[in-house]
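Report on the following structure.
The values are calculated or read from the model by the stated rules, or taken from the named source; none is laboratory data. Note that this is a predicted model, so its numbers are computed, not measured. Cβ coordinates were reconstructed from backbone atoms using ideal geometry, including for glycine residues, and neighbour counts include every protein chain displayed. Ligands, DNA and RNA are excluded from the accessible area calculation, which covers all protein heavy atoms including side chains. Shrake-Rupley method; radii C 1.70, N 1.55, O 1.52, S 1.80 Å.
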Amino acid sequence: MSSVIERFLRYVKIDTQSNESIEKHPTTEKQLVLAKLLVEELKAIGLDDIHIDQYGIVTATLPANLEHDVPVMGLLAHMDTSGGMSGENVNPQMVENYDGGDIILDKESGTILSPREFPELRKYVGKTLITTDGKTLLGADDKAGVAEIMAMLEH
């Protein structure tokens with residue numbers, strides 16, 4: 001069974017950067033790489049009602065495991081990342097037992113993540129954080145959601 005973190009680290013390395021100047025969906029063919037991987041992973045965890053449409057939207061059904069009727073639930077996350085920063089060669093960093101100070105993302109450029117600028121970081125002292133290396137977009141908002149959904153389906 002893959003953990004959410006293992007999945008997330010695998011997914012962020014796949015370049016799914018969008019191109020906002022293109023009117024079709026997906027806006028780049030590389031976005032289909034992650035979609036096709038998800039289809040294969042869904043098959044591997046035993047789902048069989050899996051579809052990928054012409055827009056790269058992946059859907060799957062996990063049948064209920066109860067004898068009585070229960071409401072249907074939909075879980076949604078998007079796979080594309082912003083066109084504003086590169087999604088190629090993503091190199092995530094793990095900051096274990098975060099101490100509450102500055103996190104150096106890229107020493108060469110002097111890029112840091114600081115609680116002075118982002119005070120909400122102080123809520124995560126003692127936790128493990130996953131950050132970009134400061135050279136690329138991490139794609140955390142969307143790929144974390146995808147990883148959580150996939151891990152839940154596998155569970």
Spatial separation of Cα centroids for segment 103-147 and segment 17-32, in angstrom: 26 Å
Dipole-positive endmost among Val72, Met152, Ile112 within segment 24-155 (Cβ charges, Cα centre): Ile112
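For Ser18, what is the net charge nearby, where nearby means another residue's Cβ is under 10 Å from its Cβ and Lys, Arg count +1, Asp, Glu -1?
Working: positive: Lys30; negative: Glu20, Asp80.
That works out to -1.
Express the accessible area of the chain per residue in Å², computed with a 1.4 Å probe while the remaining protein chains stay in the model.
Accessible area per residue, the chain: 65 Å².
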Reduced Cα scattering model of segment 52-97, Debye log10 I(q)/I(0), q = 0.18, 0.31 Å⁻¹: -0.85, -1.20
Surface accessible to a 1.4 Å probe, Val70 within the full protein complex, Å²: 60 Å²
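If each residue of separation counts as 0.36 nm, what is the full-extension length gain between Gln93 and Leu32 once their alpha-carbon separation is subtracted?
On the way: separation 61, 0.36 × 61 = 21.96 nm, distance 2.51 nm.
Extra length from Gln93 to Leu32 when fully extended: 19.5 nm.
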Simple Cβ-charge dipole of the chain, Lys/Arg +1 and Asp/Glu -1, about Cα centre, in debye nearest 20: 360 debye
With all protein chains modelled, accessible area of Asp53 [1.4 Å, Å²]: 60 Å²
Prolate/oblate/rounded label for segment 79-155 (Cα gyration tensor, a/c 1.5): oblate
Solvent-accessible area, 1.4 Å probe, carbon plus sulfur percent, for the chain: 54 percent
Antiparallel DSSP beta bridges within the chain, percent to nearest 5: 90 percent
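So what's the convex hull volume per residue for the Cα atoms of the chain, in Å³? All intermediate terms of the calculation are to be shown ahead of the outcome.
Working: hull volume 23.3 nm³, N = 155.
Dividing the Cα hull volume of the chain by its residue count gives 150 Å³.
So how do 36-44, 11-19, 125-133 stack up, highest first, on mean other-Cβ count within 10 Å?
On the way: 36-44: 15.6, 11-19: 20.7, 125-133: 13.8.
Top of the packing list down: 11-19, 36-44, 125-133.
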